[in-house]
Structure formats: C-alpha cells, structure tokens
Amino acid sequence: MDLQDLLLPPSEDGGDDKKKDSPLKSLKVDLDFYKESIREVAAELLAEDYTQYPIFIAHQHEVKVGEIILDKTELGTDWTIQASSLEEFLEVGIIKEDKKDAFIKKFKEPEDFMCLFVIVPEGANFVFYPYY
C-alpha cells in the first residue's frame, strides 16, 4: 500500500470541504521533510543488527511503542515519528505471530522504502513510502 492509497479522493462537487481534507496530506509534507533523517535511522538499525525490519510510527498524539526520533513539537511539524521494529510489534501484539511471515513477505527493501505504521483517528495501517 502506498501513502496515496490512503488519501481521500477530492470531493465530487469540486469544493474544498475542510472536513474532508485528509490528515495524510500533511503527513506527505512532513515525510518529504523527514525522509533523510528516517533513512539514516533505518540504516543504523540495520547496521547494528537491531532489526532487519525497521518500522516507523507516524502519529499526531501519544504512542507508547517505539522511541521518538522526530518530535512535531520541537520541529514545528504536524507529525511525530517514532522508531520501532517488527520484533517490538510482535512483542506488544500489534502484529500477531501467525501474521509475521505474511508481513515479512510484503516488507519492502528498507534501504529504499520506509515502513510506516500510520495512526489516524479512524485507525492505523502500514504504508511503504520511498526515500527517493
């Protein structure tokens, strides 16, 4: 799944109804600003054998999984990013053990794509966003 797949389509009447604006539009702006920093953290996690499956949590509230690497309050952005891993997601039950192999199969190259777990009021989903 790509970030674009999660964006709401434009309203059919052509109006720009603010209630229908997806918060994911601001996420794309922040990711373009953050992506080099996220790529460096992913490379460190891989190089230090912390995980082969880095996961970055994008949220606008408070999350108790992972460690904050980019704080929206400090950076004046809309989204906070936390670094985590497949192993932590399994440990806390976000990914069930019986879904682990399916997740690994869909996981894209971490050198080319960031794996995001995007949390919005409507729910959460995984998105792979390219660094380049």
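Given a cut-off of 25 Å, name the pairs among Lys64/Lys100; Lys25/Lys72; Lys25/Lys105; Lys72/Lys105 whose C-alpha atoms lie farther apart than that in the structure shown.
In this structure, Lys25/Lys105; Lys72/Lys105 exceed 25 Å between Cα atoms.
Using θ = phi - 60° and the Karplus form 6.51 cos²θ - 1.76 cosθ + 1.60, what ³J(HN,Hα) does each residue of segment 34-47 get, whole Hz, x for Gly and Pro?
Whole-Hz 3J(HN,Hα) from phi for segment 34-47: 8, 4, 5, 5, 5, 4, 5, 5, 4, 4, 5, 4, 6, 5.
Out of segment 58-132, which trypsin sites (Lys or Arg not before Pro) are coil in DSSP terms and have no more than 15 other C-beta atoms within 10 Å?
Lys64, Lys96, Lys108
Check Ile95: other-chain or 5+ apart residues with amide H under 5 Å from its amide H, H built from backbone geometry?
Leu90
With unit charges on the beta carbons (Lys and Arg positive, Asp and Glu negative) and the dipole taken about the Cα centre of segment 28-126, which residue among Met114, Thr80, Asn125 sits farthest to the positive side?
Asn125
Using per-residue counts of other Cβ atoms within 10 Å, averaged over each peptide, order 118-130, 83-95 from highest down.
Per-residue Cβ counts within 10 Å, averaged per peptide and sorted highest first, yield 83-95, 118-130.
Bear in mind these aren't lab numbers, they're just calculated from the coordinates by the rules spelled out. What you see is a predicted model, and the numbers here were worked out from it, not measured in a lab. No Cβ is skipped: glycine too gets one built from the backbone with ideal geometry, and neighbour counts run over all protein chains shown.
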